[in-house]
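Computed from the coordinates by the stated procedures, all read-outs in this text should not be read as laboratory data. This is a predicted model, so every value here is computed, not measured. No Cβ is skipped: glycine too gets one built from the backbone with ideal geometry, and neighbour counts run over all protein chains shown.
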Amino acid sequence: MVNLRDFADAAALFAQHSALIIDSDHPVETEALEAYWVACRRRAKSWIQRRTGATGLGELVSLAEEMLLSEMPARVWTGVYYAHCINHRNPDGLRLARLAMRQLIESRQEILSQMIDKYGRTEISELLRLDRLRRRVERWTDFLIGNIKRFDVALNVAFDPDNCRNNAASASVLPPAAWPLTIAGLSRSFPTTPLDAATVELQTELLRTQLSLFPPEAFHSDGRLLSAPLARLVNRLDRAPIRESVD
């Protein structure tokens with residue numbers, strides 16, 4: 001079952017292997033961005049249904065956690081795609097990527113505002129716990145964006161561009177062996193809560209569209225992925241259900 005931590009792991013993989021997408025001789029086709037945009041719209045519709053139909057704080061908290069974690073791979077992936085477009089200009093693809101990012105940010109802002117308005121005086125402890133998760137998401141996302149190749153192009157999708165610059169400066173003096181330890185710490189910072197059944201298929205579909213941007217250089221000649229962690233994530237998604245209906 002796909003869980004919340006998978007989003008953080010996916011974001012780390014996009015950052016770690018960003019050069020494969022950025023330096024690829026194979027431009028990302030607009031059709032791939034269209035599939036990504038369609039998947040984002042389906043997910044947003046599902047989130048609206050869950051938010052408006054929620055009967056208590058617990059359901060809203062579960063949805064907010066999913067939205068917050070979803071933003072990690074979305075921001076890193078979008079930053080990598082921006083850098084990819086330096087060598088492969090695609091105005092239509094950039095427009096779709098920006099639309100998808102804006103929609104995700106608006107969805108997150110709507111649910112947080114709803115929770116504060118409705119429970120800001122009565123459920124302080126739970127809202128503070130959610131805020132701590134939000135801050136972890138922001139710090140780790142900026143760390144990852146600061147570690148992608150040509151991070152300067154991706155600063156506008158960071159939560160705090162100054163943090164990204166500082167992270168990039170720190171990463172330049174770290175030994176390569178430090179990366180796996182750092183990413184292990186990142187992964188363990190987030191819960192393994194299974195996704196809500198209402199969106200697990202949609203989230204799996206969306207992660208698949210993000211991973212489809214990896215070029216042929218990311219694979220062995222026999223089709224196996226070069227990165228073992230990336231292959232493990234793909235295998236988890238392959239075991240998840242596939243959405244067959246089209247909204």
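Some points to look at:
- Centre separation in Å (Cα based) which lies between segment 15-48 and segment 138-196: 19
- If the segment from D117 to S187 were pulled out straight at 0.36 nm per residue, it would be longer than the present Cα-Cα gap by 22.0 nm.
- Extension gain from E106 to R165, taking 0.36 nm per residue of separation minus the Cα-Cα distance: 18.7 nm
- Linear extension gain, I48 paired with I86, 0.36 nm per residue minus alpha-carbon span: 10.2 nm
- Separation of the S62 and R135 label points, Cα + 7 Å toward Cβ, nm: 2.7
- For segment 4-239, the relative contact order comes to 35 percent (Cα pairs under 8 Å, sequence separation of at least 6).
- Separation of the R95 and E31 label points, Cα + 7 Å toward Cβ, nm: 2.0
- L128-L174 FRET efficiency (beta carbon distance; Förster radius 35 Å; 0.05 resolution): 0.60
- Rounded to the nearest 500, the helix-only mean residue ellipticity at 222 nm of the chain stands at -22500 deg cm²/dmol, with each DSSP H run of n ≥ 4 adding -39,500 (n - 2.57).
- GNM top mover of R41, R129, R89 - the chain, alpha-carbon springs below 10 Å: R129
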